[in-house]
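The values are calculated or read from the model by the stated rules, or taken from the named source; none is laboratory data. Just so we're clear, the structure is a prediction, and the values are computed from it rather than from any experiment. No Cβ is skipped: glycine too gets one built from the backbone with ideal geometry, and neighbour counts run over all protein chains shown. These accessible areas exclude ligands, DNA and RNA; they are computed on the full protein's heavy atoms, side chains included. Shrake-Rupley method; radii C 1.70, N 1.55, O 1.52, S 1.80 Å.
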Amino acid sequence: MSSDPCSFCSFTRCVTKHLNLNLHLDFDRRVIRGKVALTVEALEDRFSALTLDTRDLKIVSVSANGQPACFNLGPKHSFKGTPLDISLPFDISRGQHVIMEVTYETSPSASALQWLTPEQTAGKKHPYLFSQCQAHHCRSMVPCQDSPSIKHTYYAQVNVPKDLVAVMSAMRDGQEVDPQDNNRIIYKFRQPVPMPSYLIAIVVGALESREIGPRSRVWSEKEFVDKAAFEFSETETMLKTAEDLAGPYVWGQYDILVLPPSFPYGGMENPCLTFATPTLLAGDKSLSNVIAHEISHSWTGNLVTNKTWEHFWLNEGHTVYLERMISRCMESEQFRQFKAMGGWKDLQDSVNTFGANNPLTNLVPSLQDVDPDDAFSSVPYEKGFALLYHLEELMGGPEVFMGFVKSYIQLFAYSSVTTEEWKNYLFTYFKDKVDVLNKVDWNAWMFTPGMPPVKPHWVTSVPHQAKEQDLSSFKESDVKMLSSHQLTEFLSLLLQENPLPLTHVKKMQEVYDLNARTNSEIRFRWLRLCVRSRWEESVPLALKMATEQGRMKFTRPLFREVVNFEKYRDQAVQLFLAHRAGMHPVTAGLIAKDLKVNTSDGTSQ
Ligand code: BES
Ligand code: ZN
């Protein structure tokens, strides 16, 4: 396991402390012209060379403390990008700083960026740009030490056409008309809390915002602002609940930005500005757990960070644990258990998809030569949660275990940690219960593929009873009495079984009218179920959902489901190829792999 600060060098010779970014957006060419000044601290004497991560960047010039520096771009790696080797024209000693300035230009195909045409936006008038840097895409936007082991503050000035608004994962710090071009505006940002590069984020578009709490606004195109303000009205309550559980919120502002439908994730915990998919706008706040999740990352992930992507479960497992503690406080213990049970099912699905012997189902996988985007699944979330829940039971319940989590956050705040450091602290904190901790099969939990060695006992619930019904007894009230959470779980349970007979899904439609449901979690599961039962009429609906929005959690399985329906395979592939150019680059790449179409003409490989 490595914890190298840059993907390419094998020694930790220096660390970045601060970034000063100047970004000039060119929507016509789909590039950012950038200048970044990195304040770099040497960790060794006679320090005179460093390597930065880049990906598809054009490097114009490099200087060190204002003096020109020699640089060389190395060979391109398939997913790590290209190392930028720099020689300083002088030496510095351990503890000294140097300011490295790199002038560069991004590529129109930068993996961190999606450039949208006006037609792809809700307002249809203005173009739009958004970034998604996690896990290792920041390097396609900014040359940097693109590793979660390094934390720095940042300051940024973003130059955009005057009809557009720029926001970043930082505090807003004013704006001014570009003194050189009064058709453009410069937006300024400061992030005074040290954070890893994957949390740098930018959005530029025709954005508006509305206040939803004392430290929160929602941002989106004007078409969605009111809907978003309603959907996320519980934000301040969630923040306060999280602070009671985990300690003070140190990031100042907590805003939420609703992105266009092609945003590839449900949510992204960019500091001061959570990014959210519009598929959360259910109209009834029923998907707000995603906000509780992103809020929780303000402690686990953004304050205490995984040192490498092999320890990703430390970010996501603890965050799911906190997210469910928030729902325990705001709802009930029963609801937490219900969500935990659903999570176990998601874990089961991931293990089935990857295969129970696949090393990527380890809680702590080896990512040597594995693209973190390919490794992404529910495993770090739900195996991580299951381990923490198991430990909670062993150590004396939620209050006791939350004491540990809070103390872990305090101890490791502003740093990056490995699983070993986490475990050592667990044993220190519970020093009186070491005998119990020693009985845990740590090797099975962490380094063995498949389901965890221990299955927790959850309270059974309505959907489990509903599953037992036979066809003749289907009645409208079965589903009417279920909340949208319960209906989602009910459909998940059905998805774990053999495909339902076509007559059953047709009957379900007739009685429950699930086609009329707009809640994205319900619709997604229902359409999968229908396609799996080979209901031809559901294919266009499934493909519509797969292309109208681009959240990978929905789009990838929907495409895969239709492709498995032999008769519609070609139609699905052709549809993907027709949409590919307008899709998010990461989503398009992963679906091409899923569908095994890697050439632009659609030939299978
Ligand atoms: N940080 C993740 C999203 C992510 C992970 C992006 C890895 C890129 C690489 C975010 O916090 C997340 O987990 N989102 C989930 C929310 C859910 C677990 C409540 C999502 O997108 O669905
Ligand atoms: Zn997360």
Residues being modelled with pLDDT of 85 or more and surrounded by 15 or more Cβ atoms within 10 Å (Cβ to Cβ) - total across the range 454-483: 4
Taking the range 303-324 as the search range and keeping residues that are open to solvent by less than 10 Å² (accessible area, probe 1.4 Å) and β-branched (V, I, T), which one is farthest from ligand 1 (Cβ to nearest atom)? V304
Segments classed as helices (runs of 4 or more DSSP H), wholly inside the range 505-583, with at least 3 members that are open to solvent by 30 Å² or more (accessible area, probe 1.4 Å) and among the charged types (D, E, K, R): 520-532, 552-563
Restricting to the range 15-40, count the residues that are open to solvent by less than 40 Å² (accessible area, probe 1.4 Å) and in contact (Cβ under 8 Å) with a residue 40 or more places away in the chain. 15
List the residue pairs whose Cβ atoms are under 7 Å apart, where the first residue sits in the range 62-87 and is closer than 22 Å to A135 by Cβ, the second is surrounded by fewer than 13 Cβ atoms within 10 Å (Cβ to Cβ) and among the polar types (S, T, N, Q), and the two are 6 or more positions apart or on different chains. none
If I go through the range 57-78 residue by residue, how many of them are under 19 Å from D369 (Cα atoms), touching a strand residue (DSSP E or B) at 6+ places or on another chain (Cβ under 9 Å) and in a loop (DSSP other than H, G, I, E, B)? 3
Top-ranked residue in the range 227-270 [being within 12 Å of ligand 1 (Cβ to nearest atom) and in contact (Cβ under 8 Å) with a residue 60 or more places away in the chain; ranked as most open to solvent (accessible area, probe 1.4 Å)]: Y265
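Does T279 meet the test of being within 17 Å of the chain's Cα centre (by Cα) and either closer than 26 Å to L245 by Cα or open to solvent by 30 Å² or more (accessible area, probe 1.4 Å) (or both)?
Values: within 17 Å of the chain's Cα centre (by Cα): yes; either closer than 26 Å to L245 by Cα or open to solvent by 30 Å² or more (accessible area, probe 1.4 Å) (or both): no.
Taking the combined requirement at face value, the residue does not satisfy it.
Let's see how each residue does on (1) touching a helix residue (DSSP H, G or I) at 6+ places or on another chain (Cβ under 8 Å); (2) of a type outside the set (A, V, I, L, M); (3) surrounded by fewer than 20 Cβ atoms within 10 Å (Cβ to Cβ):
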| residue | (1), (2), (3) |
| --- | --- |
| I99 | no, no, yes |
| Y104 | no, yes, no |
| Y155 | no, yes, yes |
| E176 | no, yes, yes |
For the range 115-157: of the residues being aliphatic (A, V, I, L, M) and more than 17 Å from C272 (Cα to Cα), which is nearest to ligand 1 (Cβ to nearest atom)? A135
Considering every residue within the range 195-207, establish whether at least one is part of a strand (DSSP E or B), open to solvent by 10 Å² or more (accessible area, probe 1.4 Å) and under 27 Å from D371 (Cα atoms). no
Which is surrounded by 15 or more Cβ atoms within 10 Å (Cβ to Cβ) and on the phi > 0 side of the Ramachandran plot, of G397, G384, G450? G450
